[in-house]
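Input: a single structure, listed below in structure tokens.
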Amino acid sequence: MQVTETLNEGLKRGYAITVTAAELDAKVNEKLAEAQPEIEMKGFRKGKVPMALLKKQFGQRMIGEAMQESIDGAMNEHFEKSGDRPAMQPDVKMTNEDWKEGDDVSVDMSYEALPEIPEVDLSGVTLEKLVVKAEDEAVTEALENLAENAKEFEARDEAAVSEDGDQVVIDFLGKVDGEAFEGGAADDYPLVLGSNSFIPGFEEQLVGVKAGDEKDVSVTFPEEYQAEHLAGKEAVFSCTIKEVKAPKAAEINDEMAKKFGAEDLEALKGQIRERLEAEYAGAARAVMKRATLDKLDELVSFDLPPSLVEAEAKQISHQLWHEDHPEVEGHDHGDIETTEEHTALAERRVRLGLLLAELGQKAEVEVTDAEMTQAIMAQARQYPGQERQFFEFIQQNAQMQQQLRAPLFEDKVIDHLFDKATVAEKEVSKEDLQKAVEALEEE
């Protein structure tokens with residue numbers, strides 16, 4: 001087997017691989033010898049079929065497998081000796097297309113090698129960690145929101161008319177073209193006006209009614225309504241108003257706290273304070289992570305594989321285009337232009353991605369099975385009732401596993417960098433932290 005270098009420019013590599021006819025024939029004989037003990041043929045005992053007969057019967061079938069294994073072996077041996085790591089799957093082409101049995105096999109292999117990543121001295125990196133304490137005002141605001149969510153409704157006077165935000169208890173029967181339809185009727189239904197839980201235009205027509213009223217509500221189902229037989233259709237709902245109730249926020253006391261699983265009000269305040277500070281810490285971590293990546297981007301410079309940059313730039317432009325055109329759900333659209341801005345962002349992402357991968361490998365950072373399971377469970381919760389199917393889908397899809405593993409690995413590497421850098425805490429207000437987060441979103 002012969003491997004000859006044909007290209008070495010920057011990160012681009014090219015090689016001509018030749019597998020001689022003798023090597024290919026030896027590989028076929030080796031494969032036949034491995035299979036011989038299990039082969040049965042008329043006139044011969046199992047395992048006693050002569051090699052010449054086996055070669056005549058199965059040789060042609062074995063040549064393709066032997067050819068592929070020989071080329072794969074040559075490639076693997078090359079990468080082991082050279083230390084090259086291809087940025088993407090190597091491009092392999094057979095050059096003697098008129099090949100026939102007895103000829104040497106000639107193949108061209110080309111790829112872009114991953115660059116050598118320079119050492120990074122993290123000891124000189126200084127980071128600022130924003131710290132926000134949960135103020136009493138923030139805890140009180142959260143308590144008031146909880147009280148609003150825990151509100152109850154009290155019956156108004158019989159003569160009182162409903163207002164936006166009130167709850168009306170109704171019986172209703174819906175009809176399309178004079179015919180009742182499935183799911184269009186209910187008794188004693190508690191509807192909060194302004195909740196937008198019914199068809200657009202329905203709730204507004206019940207503002208100003210009182211107990212005992214009967215009212216026909218005319219609406220049009222949205223064109224994209226989930227029940228196709230009702231989509232875009234006009235409907236009339238005959239409603240009987242049985243009761244009108246006014247909202248009453250829950251009192252902020254021990255009883256309310258118990259509704260949310262706390263022993264008393266002080267315990268609930270403590271839980272709220274912990275939750276708020278955990279949220280602040282998460283936001284502060286995102287700010288410090290961006291600062292870390294910015295410093296790394298300044299510290300290192302190395303050649304990037306053009307193919308990786310091009311693929312990343314296309315993905316960025318495609319994602320941003322869909323954000324600007326949310327009405328387009330599929331991918332059956334025209335070509336999307338990749339701008340210099342997309343390419344610059346792609347270069348940063350590829351550079352930092354390669355650097356973090358190298359730093360993580362040197363630090364022996366690993367994502368544990370338990371961490372992967374937790375990540376899969378978090379994703380599975382987005383598909384209630386289909387969690388098991390989601391788990392099975394992930395187990396059978398290596399690409400999806402990598403998509404879940406990659407951010408976990410990156411976060412663990414970032415934590416490693418935090419440990420190596422000098423971190424100074426700075427106490428700031430919630431508003432200052434919010435401004436820092438907004439600045440990230442604007443970049």
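Per-structure values
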{"read-out": "Candidates A291, A284 - the one that is modelled with pLDDT of 95 or more and more than 30 Å from N253 (Cβ to Cβ)", "value": "A284"}
{"read-out": "Those residues of region 17-69 which are in contact (Cβ under 8 Å) with a residue 24 or more places away in the chain, in a strand (DSSP E or B) and surrounded by fewer than 16 Cβ atoms within 10 Å (Cβ to Cβ), in sequence order", "value": "none"}
{"read-out": "Any chance S317 is of a type in the set (S, T, N, Q) and open to solvent by 60 Å² or more (accessible area, probe 1.4 Å)", "value": "no"}
{"read-out": "Residue that is modelled with pLDDT under 90 and under 18 Å from the mean Cα position of the chain (by Cα), where the choices are H318, H333, H322", "value": "H322"}
{"read-out": "Positions within region 1-16 being open to solvent by less than 80 Å² (accessible area, probe 1.4 Å) and either at pLDDT below 85 or closer than 13 Å to I71 by Cβ (or both), in sequence order", "value": "V3, Y15, A16"}
{"read-out": "When residues of region 361-406 are limited to those that are charged (D, E, K, R) and at pLDDT 90 or above, the one least open to solvent (accessible area, probe 1.4 Å)", "value": "E371"}
{"read-out": "Tally, over region 364-384, of residues that are among the hydroxyl-bearing types (S, T, Y) and either touching a residue at least 12 places away in the same chain (Cβ under 8 Å) or part of a loop (DSSP other than H, G, I, E, B) (or both)", "value": "2"}
{"read-out": "Single residue of L355, L345 found to be within 30 Å of D91 (Cα to Cα) and open to solvent by less than 40 Å² (accessible area, probe 1.4 Å)", "value": "L355"}
{"read-out": "Near pairs, Cβ below 9 angstrom, 6+ apart or cross-chain, from region 86-99 (more than 15 Å from A74 (Cα to Cα)) to any residue that is among the polar types (S, T, N, Q) and surrounded by 12 or more Cβ atoms within 10 Å (Cβ to Cβ)", "value": "A87/S307; M88/S307; T95/S106; N96/S106; W99/S106"}
{"read-out": "Yes/no for E116 being over 30 Å from K435 (Cβ atoms), under 35 Å from the mean Cα position of the chain (by Cα) and open to solvent by less than 60 Å² (accessible area, probe 1.4 Å)", "value": "no"}
{"read-out": "Residue that is closer than 30 Å to A113 by Cβ and at pLDDT below 90, where the choices are E69, E30, E80", "value": "E69"}
{"read-out": "Residues being open to solvent by 100 Å² or more (accessible area, probe 1.4 Å) and assigned to a loop (DSSP other than H, G, I, E, B) - total across region 164-185", "value": "2"}
{"read-out": "Cβ-Cβ under 8 Å pairs, at least 6 apart or on other chains, region 413-427 side within 12 Å of L296 (Cβ to Cβ), far side assigned to a strand (DSSP E or B)", "value": "A421/T126; A421/L127"}
{"read-out": "Criterion (over 30 Å from S307 (Cβ atoms) and open to solvent by 40 Å² or more (accessible area, probe 1.4 Å)) met by exactly one of D91, D108, D98", "value": "D98"}
{"read-out": "In region 242-263, the residues that are surrounded by 12 or more Cβ atoms within 10 Å (Cβ to Cβ) and touching a strand residue (DSSP E or B) at 6+ places or on another chain (Cβ under 9 Å)", "value": "K242, E243, V244, K245, A246, P247, A249, A250"}
{"read-out": "Output for region 416-443, where each listed residue is farther than 30 Å from E341 by Cβ and exposed (fewer than 13 other Cβ atoms within 10 Å of the Cβ)", "value": "D419, T422, A424, E425, K426, E427, S429, E431"}
{"read-out": "Residue identified as surrounded by 14 or more Cβ atoms within 10 Å (Cβ to Cβ) and not in a helix (DSSP H, G or I) among L304, L308, L276, L296", "value": "L304"}
{"read-out": "Those residues of region 119-144 which are open to solvent by 70 Å² or more (accessible area, probe 1.4 Å), at pLDDT 90 or above and not in a loop (DSSP other than H, G, I, E, B), in sequence order", "value": "T126, E128, K129, D136, E137, E141, E144"}
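Let's see how each residue does on (1) open to solvent by 30 Å² or more (accessible area, probe 1.4 Å); (2) not aliphatic (A, V, I, L, M):
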residue: G201; (1), (2): no, yes
residue: V209; (1), (2): no, no
residue: G212; (1), (2): yes, yes
residue: Q226; (1), (2): yes, yes
residue: K233; (1), (2): yes, yes
residue: T240; (1), (2): yes, yes
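The values are calculated or read from the model by the stated rules, or taken from the named source; none is laboratory data. Just so you know, these numbers come straight off a predicted model, no measurement behind them. For neighbour counting, all protein chains shown are included, and Cβ atoms are generated from backbone atoms with ideal geometry for every residue, glycine included. Each accessible area value is taken on the protein alone, full model and side chains, heavy atoms only, with ligands, DNA and RNA left out. Shrake-Rupley method; radii C 1.70, N 1.55, O 1.52, S 1.80 Å.
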